[in-house]
Amino acid sequence: MRKPRLLQVARLIRAARLFENPGLSVSDVANHLNYSSPQSFGRHVRIVMRMTAGEFRCEYDGERMLEHFRR
């Protein structure tokens, strides 16, 4: 498996942190992180994490995502 680059990791940690706010949608998070579209964000999550954006939201918060990449 290809190791994620630092920017990819940082964006996913930030995305997980943003998803802690239940009022933010996948589209809101994608826009906040300057992805070109929610679909682009979803592809990025699927490639790096091998899960959907919805699964990512349920599985990770900011702290857990940081710990995931520290390991």
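Average accessible surface for the chain: 67 Å² per residue, computed with a 1.4 Å probe over protein heavy atoms with every protein chain in place.
Once the chain from residue 7 to residue 63 is taken as fully extended at 0.36 nm per residue, the excess over their C-alpha distance is 18.5 nm. Helix content alone sets the calculated 222 nm mean residue ellipticity of the chain: runs of n ≥ 4 DSSP H residues at -39500 (n - 2.57) each, divided across all residues, give -20000 deg cm²/dmol. Mean projected area of the convex hull spanned by the Cα atoms of the chain, taken over all viewing directions: 4.3 nm². For the chain, the carbon plus sulfur part of the accessible surface works out to 52%, probe radius 1.4 Å.
Which net charge results when you count Lys and Arg as +1 and Asp and Glu as -1 among the other residues whose beta-carbon is under 11 Å from that of residue 61? Net local charge, residue 61 excluded: -1.
The values are calculated or read from the model by the stated rules, or taken from the named source; none is laboratory data. In this text, all values refer to a predicted model and were calculated from it rather than measured experimentally. Heads up, the Cβs are rebuilt from the backbone with ideal geometry, glycines too, and the neighbour counts pull from every protein chain shown. Each accessible area value is taken on the protein alone, full model and side chains, heavy atoms only, with ligands, DNA and RNA left out. Shrake-Rupley method; radii C 1.70, N 1.55, O 1.52, S 1.80 Å.
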